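Peer 1: Dumping the structure here so I can ask a few things about it.
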Amino acid sequence: MPAPTTRSSAHAQRDPLAWTVALLALGGFVASILLWQDGGFTLDEPWAQQLDLRLHFSFDGIGALYALLATGIGAAVFTYATAYLPLHLDHQRRPARDRWRFWPWMGLFSLSMVGLATAQDLVLLFVLFDLTAVCSYFLIGFDRQERASRVAALMALLVTGAGAVTMLIGAAILYADHGTFSIPELARALHEQGPASTTTTVAAALIAAAALIKSAQVPLHFWLPRAMAAPTPVSAYLHSAAMVAAGVLVIGRTYQLLEVSQTVTDGLLVVGLLSIAIGGAISLTRDGFKQVLAYSTISQYGYVVVLYGIGGRAGAGAAAFYVVAHALAKSALFLTAGTVTMATGARKLSQVGGLWRELPLLAAVSAIAAATLSALPLTVGFFKDELFFHAAADHSTALGILSVVAAGLTFAYTWRFWTRLFLGPRRACDRAPSQPLDRLPLLLTLPIAALSLLAITGGIWSAPFVQLAGDAATATLGHHAEVHVAYRLAASTENLMALGAWALGALLLAAPALWRPAALALAHAGERVGPARVYESGLNFLNHLSTAFHDVEVRDLRSRVAAVLLPGGILVLLGFIATPTAGAFTVGSVSGTDLLVVAMLALVAVAAIVVTTTHEHVSIVLALAVVGLGLATVYALLGAPDVALVAMLVETVVTLVFLAIVAYAPRGERPTRRELEGHASRPHRRAHRSRRWRDPLIGAIAGGAAFLVVWASLSRPAATERVVDQQIELTPAAHGKDVVTVILADFRGLDTMVEITVIAVAVFGVIALLRRGRSW
Amino acid sequence: MTLIFAIAAGVVFGAGAFLVLTNDLVRVVAGMVLISQSAVLVVISSGLTRGDAPILPTGDKTPSDPLVQAMALTAIVIGLAVTALLLAIVARVRATLRSLEVRELARDEAEHTAELEQSLDTMHEQLASDEAKEEQ
């Protein structure tokens with residue numbers, strides 16, 4: 001294959017942003033290897049101490065395994081994307097600067113994956129878990145001009161985000177019981193406690209649910225096939241080695257919290273088996289490249305979940321090993337799909353065939369990846385199935401048989417994918433090749449070759465993989481665990497099971513008539529009544545509900561006011577119910593000038609009622625003025641001359657402005673806009689006769705509630721220690737005599753400054769509103 | 001006196017709450033004014049001491065609590081700003097929409113929003129059909 005010569009790929013090699021992210025991932029990979037060999041490290045810093053949160057990271061076995069995955073697969077996929085993304089943008093006629101919507105999120109994603117892999121605190125785990133969901137939202141929705149991408153991005157965010165919330169609830173339950181979020185401490189506490197209580201089981205189930213949703217397990221798997229709307233490198237990274245791996249990572253990390261409950265581990269077994277079966281069966285029926293791979297991912301993570309359900313040394317070690325082997329193979333296959341699409345423009349298996357003639361190198365390296373996934377010898381994949389068979393057969397015979405069927409399914413859909421792509425007759429694709437075959441950038445094949453090479457290496461020299469899985473199992477179980485794999489040329493159980501699986505797979509491949517109707521029926525049933533439907537109708541329902549609330553709340557001022565008053569009133573009422581009433585209310589004494597105050601307050605109350613009874617705007621304004629001036633007099637009588645003077649001034653100004661507004665356009669004289677447009681004015685008052693008693697009632701209730709609250713608060717005994725004496729004492733020091741003035745200008749000067757700002761903002765608002773009117 | 005203050009504040013607040021719920025924008029503004037008056041009255045009456053004005057020299061008698069007076073001043077001035085803004089909005093609404101009836105304004109707005117949404121829907125349908133054509 002010749003060196004890349006096209007404009008786009010030449011541009012790709014110059015893109016410093018892309019290469020920076022790719023090199024950072026590579027650097028992270030090398031650093032992770034060194035750290036792992038060095039024995040890891042632990043970082044434990046206080047974070048939010050009142051909440052008992054700590055920044056607790058530990059680069060242990062699990063941390064090493066997933067950090068190596070995130071950075072290693074990341075480096076390969078990013079290198080691939082340096083060539084892929086410019087072509088992708090080119091095809092969509094999008095500007096090159098859109099790569100800024102891609103690379104930073106990819107980088108942040110791998111960083112949060114590494115953080116997630118090492119986090120030792122449930123809340124920290126939740127935060128990083130959610131961060132990966134946020135990144136995935138932007139990455140899946142990268143082709144934001146396409147509706148399918150946007151829908152898929154939102155679905156992934158909502159579904160996995162809801163999962164993250166269940167994890168937080170589980171964490172909160174555990175914290176309530178044991179007073180810590182730290183996973184190692186919780187594990188210790190739970191094991192000392194003995195058999196799991198119901199609350200522990202619920203908490204463990206919630207955490208497990210979050211993990212299962214993230215790993216796209218049945219029945220909440222539907223977001224993953226939709227997420228295939230993402231550009232291929234995103235699928236290859238997120239949906240093989242990172243995002244979906246985060247789920248089983250959480251299971252591995254919190255395993256000691258989950259294993260105390262037999263219910264939860266049994267649940268893992270059931271969900272995992274269902275995912276293997278449903279994912280595998282539907283994968284066999286799909287036509288789109290990435291759809292086949294997405295359903296196979298669901299099925300493959302089902303294996304891992306089953307292994308954690310089996311548990312123990314065999315289960316935990318096999319699960320860790322499986323994750324690595326699967327990630328290598330699956331990301332290589334995803335990248336293969338992307339390269340084929342780039343080369344031919346096809347996206348479906350029915351559109352291609354016989355590509356090995358044009359793309360021999362790609363055919364060879366992806367055959368290795370397929371062999372790894374279907375567990376053929378000489379690849380690391382063989383050992384993943386050996387461990388799987390061993391654990392399953394040890395658990396029970398039934399599970400052993402099921403595991404053979406599962407492996408047969410894997411064999412069938414993997415080779416169906418590969419043979420349809422590369423073997424058979426060359427099919428004419430109705431679309432013109434997007435990229436001439438002879439100009440396909442080499443970088444669209446080399447990363448796949450690198451991943452396949454790694455898979456072959458693992459098949460021959462399995463020691464590093466075995467050590468990695470053993471370390472991860474040690475971290476998962478909390479005590480030393482080792483993984484042993486080897487080729488045994490004997491009729492051992494595992495070998496016989498593998499032979500059975502290959503035979504079954506070959507049979508499935510050779511005779512599609514046997515299973516195709518059933519699998520198609522399953523897929524159709526899933527589309528018609530499956531969980532995706534529930535999600536859609538749930539989302540629609542929420543949309544309608546929010547529109548209905550919006551209509552009620554926003555389209556009518558009255559409802560908006562009621563929406564504030566009513567909950568406020570209910571809260572006050574609850575407060576009253578909860579508060580003891582004995583001695584809470586005092587009448588107080590009336591003496592001296594108080595009689596004048598009482599008289600003025602009576603006048604104020606009468607004037608306030610008058611305001612409500614009249615519809616004439618001028619009377620309203622005048623009655624308002626009586627209220628304001630009456631209160632000003634009350635303030636003067638209570639020894640507050642400053643307040644009285646200001647109130648007098650403000651009242652005068654407000655009255656004048658109010659009168660001006662009212663006098664400017666007498667009410668009812670002008671035609672309304674509706675009448676101007678030729679509509680007949682509708683009789684409102686009659687239509688709302690039922691409301692005649694409603695508003696006064698609400699007003700009376702509000703007034704009554706206000707009265708009770710004010711009375712209760714004024715009846716509280718006076719504080720013995722007061723700041724007033726201090727303030728009076730300090731007033732001369734502030735060069736003033738009026739204590740109120742000094743408080744405003746000096747002691748609480750900042751308040752006054754903000755107040756002046758508010759006035760200034762209001763003045764600007766008034767000017768803006770009035771100057772554009774015809775009145776000025 | 002405690003009871004008297006509470007009754008007065010309650011009556012003024014209730015009148016304000018009733019007015020805010022009415023159909024006429026001018027009365028709504030009047031209601032807001034009354035509610036803020038009631039609040040100022042509560043602040044002033046919550047003073048711990050009552051007596052002469054807190055202006056030096058105060059003599060032997062305890063003066064009125066100056067702290068609540070400072071707060072009441074702030075509340076009054078903010079109330080003025082809010083009232084001015086509300087009145088300006090009222091003037092503006094009448095100048096442009098020629099109505100101060102809350103229900104009528106709400107209905108007009110609802111119709112306007114419906115029109116907007118309809119045109120938006122038409123646009124979406126157009127886009128969708130374009131996409132479908134491209135697919136074919």
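Coordinate-derived values only; no laboratory data. Quantities reported herein were computed from a predicted structural model and do not represent experimental measurements. We place every Cβ from the backbone using ideal geometry, glycine too, and count neighbours over all the protein chains shown.
Peer 1: What's the extension gain from A:S537 to A:R748 if we count 0.36 nm per residue and subtract their Cα-Cα distance?
Peer 2: Length gained between A:S537 and A:R748: 70.4 nm.
Peer 1: Related question: Can you work out the Karplus-derived ³J(HN,Hα) for every residue in the range A:211-224? Use 6.51 cos²θ - 1.76 cosθ + 1.60 with θ = phi - 60°, whole Hz, and x for glycine or proline.
Peer 2: With coefficients 6.51, -1.76 and 1.60, one gets 5, 5, 5, 5, 8, 6, 9, 4, x, 9, 9, 5, 5, 5 Hz.
Peer 1: Count, for each residue of A:557-568, the Cβ atoms from other chains sitting within 10 Å of its Cβ, then give me the mean as a whole number.
Peer 2: The mean count of partner-chain Cβ atoms within 10 Å per residue comes to 3.
Peer 1: Listed highest first by mean packing, meaning other Cβ atoms within 10 Å per residue, what order do B:95-101, A:221-227 come in?
Peer 2: Listed from highest to lowest mean packing, they are A:221-227, B:95-101.
Peer 1: Right, here's the next one. Search the structure for amide H atoms under 5 Å from the amide H of A:L53, placed 1.01 Å from N in the peptide plane, and list their residues when 5 or more places away or on another chain.
Peer 2: Result for A:L53 returns A:W47, A:A48.
Peer 1: Starting from the amide H of A:R427, placed 1.01 Å from N in the peptide plane, find each other amide H under 5 Å away whose residue is 5 or more places distant or on another chain.
Peer 2: Here A:G353 satisfy the definition.
Peer 1: If each residue's Cβ is checked for other Cβ atoms within 10 Å, how do A:I698, A:I577, B:I44 rank with the fewest at the top?
Peer 2: A:I577, A:I698, B:I44
Peer 1: At a 10 Å Cβ-Cβ cut-off, how would you order A:M753, A:M648, A:M243, fewest neighbours first? Display every interim value, and only then the final one.
Peer 2: Values: A:M753 9, A:M648 17, A:M243 27.
If I rank by nearby Cβ atoms, fewest first, I get A:M753, A:M648, A:M243.
Peer 1: Set the Förster distance to 41 Å, then compute FRET efficiency between B:M123 and A:R101 from the Cβ-Cβ distance, nearest 0.05. Display every interim value, and only then the final one.
Peer 2: Details: r = 24 Å, r/R0 = 0.59.
The computed FRET efficiency comes out at 0.95.
Peer 1: Gain in length, A:H480 to A:A525, computed as 0.36 nm per residue apart minus the alpha-carbon separation, to one decimal in nm?
Peer 2: 11.6 nm
Peer 1: What angle do you read, to the nearest 10 degrees and between 0 and 90, between the alpha-carbon axis of helix A:103-118 and the longest principal axis of chain A?
Peer 2: Its long axis makes an angle of about 80 degrees.
Peer 1: Then there's this: Run the numbers for A:A148 and A:A700: contour at 0.36 nm per residue of separation, minus the present Cα-Cα distance, in nm.
Peer 2: So the chain would gain 193.3 nm between A:A148 and A:A700.
Peer 1: Return the sequence-ordered ³J(HN,Hα) values of the range A:77-84 in whole Hz as given by the Karplus equation 6.51 cos²θ - 1.76 cosθ + 1.60 applied to θ = phi - 60°, using x for Gly and Pro.
Peer 2: 5, 5, 4, 4, 5, 4, 8, 6
Peer 1: Apply the Karplus parameterisation 6.51 cos²θ - 1.76 cosθ + 1.60, with θ equal to phi minus 60°, to every residue of the range A:51-61 and state each ³J(HN,Hα) to the nearest whole Hz, in sequence, with x for glycine and proline.
Peer 2: 9, 6, 9, 10, 8, 10, 10, 9, 8, 9, x
Peer 1: Then there's this: Let me check against my output: what whole-number percent is the relative contact order of chain A, with C-alpha pairs under 8 Å and at least 6 apart?
Peer 2: Contact order relative to length: 11 percent.
Peer 1: Is there a simple number for the mean count of other chain Cβ atoms within 10 Å of the Cβ of residues in A:137-147, and what is it? Working shown, then result.
Peer 2: Working: counts 0, 0, 0, 0, 0, 0, 0, 0, 2, 1, 4.
Mean inter-chain Cβ contacts per residue within 10 Å come to 1.
Peer 1: Something else now. Could you tell me the extents of the range A:1-158's C-alpha atoms along the three principal axes, largest first, rounded to whole Å?
Peer 2: 54, 37, 20
Peer 1: Which value in nm describes the separation of the simple spin-label points at A:V552 and A:V572, placed 7 Å from the Cα toward the beta carbon?
Peer 2: According to this spin-label approximation, the distance is 2.2 nm.
Peer 1: Related question: Within a 10 angstrom radius of each residue's Cβ in B:105-113, how many Cβ atoms of other chains show up on average? Whole number is fine. Provide the component values of the computation, followed by the final result.
Peer 2: Values: counts 5, 7, 5, 4, 3, 4, 1, 0, 4.
That average works out to 4.
Peer 1: Can you put A:H88, A:H550 in order of Cβ neighbours within 10 angstrom, beginning with the fewest?
Peer 2: By the 10 Å Cβ count, ascending: A:H550, A:H88.
Peer 1: What do you get for trypsin sites (Lys or Arg not before Pro) in the range A:272-362 restricted to DSSP loop and a cutoff of at most 14 other Cβ within 10 Å of the site's Cβ?
Peer 2: Those satisfying the criteria are A:R357.
Peer 1: Same structure again: Can you list the residues, at least 5 places off or on another chain, whose amide H is less than 5 Å from the amide H of A:K348, using H built in the peptide plane?
Peer 2: Correct list: A:F289.
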